[in-house]
1. Among the residues of region 11-65, how many are of a type in the set (Asp, Glu) and either under 17 Å from the mean Cα position of the chain (by Cα) or not in a loop (DSSP other than H, G, I, E, B) (or both)?
2. Which numbered condition in (1) in contact with a Gly (Cβ under 6 Å, 6 or more places away or on another chain); (2) of a type in the set (S, T, N, Q); (3) buried (at least 18 other Cβ atoms within 10 Å of the Cβ) is the only one that ASN126 fails?
3. Among the residues of region 75-94 satisfying the criterion of being touching a Ser or Thr at 6+ places or on another chain (Cβ under 7 Å) and surrounded by fewer than 24 Cβ atoms within 10 Å (Cβ to Cβ), which is nearest to GLY171 (Cα to Cα)?
4. Would you check if there is a residue in region 39-52 being within 16 Å of TRP111 (Cα to Cα) and of a type in the set (Lys, Arg)?
5. Mind listing whichever residues of region 130-150 are more than 15 Å from the chain's Cα centre (by Cα), farther than 19 Å from ASN49 by Cα and surrounded by 11 or more Cβ atoms within 10 Å (Cβ to Cβ)?
6. Hey, ALA32 hits all of (1) without any contact (Cβ under 8 Å) to a residue 24 or more places away in the chain; (2) at positive phi but one; which does it fall short on?
7. Say whether the condition of being touching a helix residue (DSSP H, G or I) at 6+ places or on another chain (Cβ under 7 Å), touching a residue at least 24 places away in the same chain (Cβ under 8 Å) and surrounded by fewer than 14 Cβ atoms within 10 Å (Cβ to Cβ) is met by at least one residue in region 54-69.
8. Could you give every pair whose Cβ atoms fall below 6 Å, whose first residue belongs to region 155-181 and is under 15 Å from ARG59 (Cβ atoms), and whose second residue is part of a loop (DSSP other than H, G, I, E, B), counting only separations of at least 6 or pairs across chains?
Amino acid sequence: MKVIQTAIPDLLLLEPKVFGDSRGFFLESWNARGFFDTTGVDTPFVQDNQSRSARNVLRGLHYQIKKPQGKLVRVIRGAVFDVAVDIRKTSSTFGRWVGVELTETNYRQFWIPPGFAHGFLVLSDNADFLYKTTEYYAPEFERCILWNDATLDIHWPVPGEPLLSPKDRAGLSFEQAEVFA
């Protein structure tokens, strides 16, 4: 596995080795020892999630203020623009974001440690999105920051208004949001 550094050192883009021929391909999508050896991150994953979304659906920016989740995310069908925002107040990159494209053909995975808000925008007709989490879902601690917050100024590649859930439409501004101390 190849590790690609991002503008925020804790956010890592992972590129697996893909073995392909005329019959198809094979890749190892998860290996705890390999993940630790290449990233230095030793964390258990406790839950796997999958979502399917249509073009221009935007999910996020989500996080859990207590029981924060680290996420290892990837796309197995389609393409998304995936974003992580540093909401750790003591971090030198507090309030900064990184966006990466994850597709079924680049096979990349994005490691987002606890302390980040996360969201994605579907770029293809449909996308199947998978993510492993380091903590169980705890809806009582879930928070949402507005996708189009002016302070964050995330450059979402969407023409016009994305398709949002009522929860995402009601997100708070970055300045109003609870963050990690």
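Every read-out reported here was derived from the displayed coordinates using simple, explicitly stated rules and does not represent laboratory data. The model shown is predicted, which means the values in this text are computed figures rather than measured ones. Cβ: placed from backbone, ideal geometry, glycine included. Neighbour counts: every protein chain shown.
1. So the first thing to find is which residues in region 11-65 are of a type in the set (Asp, Glu), and the list is 15, 21, 28, 37, 42, 48.
Next, only the ones that are either under 17 Å from the mean Cα position of the chain (by Cα) or not in a loop (DSSP other than H, G, I, E, B) (or both) stay: 15, 21, 37, 48.
Residues in region 11-65 being of a type in the set (Asp, Glu) and either under 17 Å from the mean Cα position of the chain (by Cα) or not in a loop (DSSP other than H, G, I, E, B) (or both): 4 in total.
2. Just one mismatch for ASN126, condition (3).
3. Among those that are touching a Ser or Thr at 6+ places or on another chain (Cβ under 7 Å) and surrounded by fewer than 24 Cβ atoms within 10 Å (Cβ to Cβ), it is ASP86.
4. No: region 39-52 contains no residue that is within 16 Å of TRP111 (Cα to Cα) and of a type in the set (Lys, Arg).
5. LEU146, ASN148, ASP149
6. Going through (1) without any contact (Cβ under 8 Å) to a residue 24 or more places away in the chain; (2) at positive phi one by one, ALA32 breaks only (2).
7. Yes - at least one qualifying residue is present in region 54-69.
8. VAL158/ASN56; PRO162/ASN56; LEU163/ASN56; GLY171/LEU146
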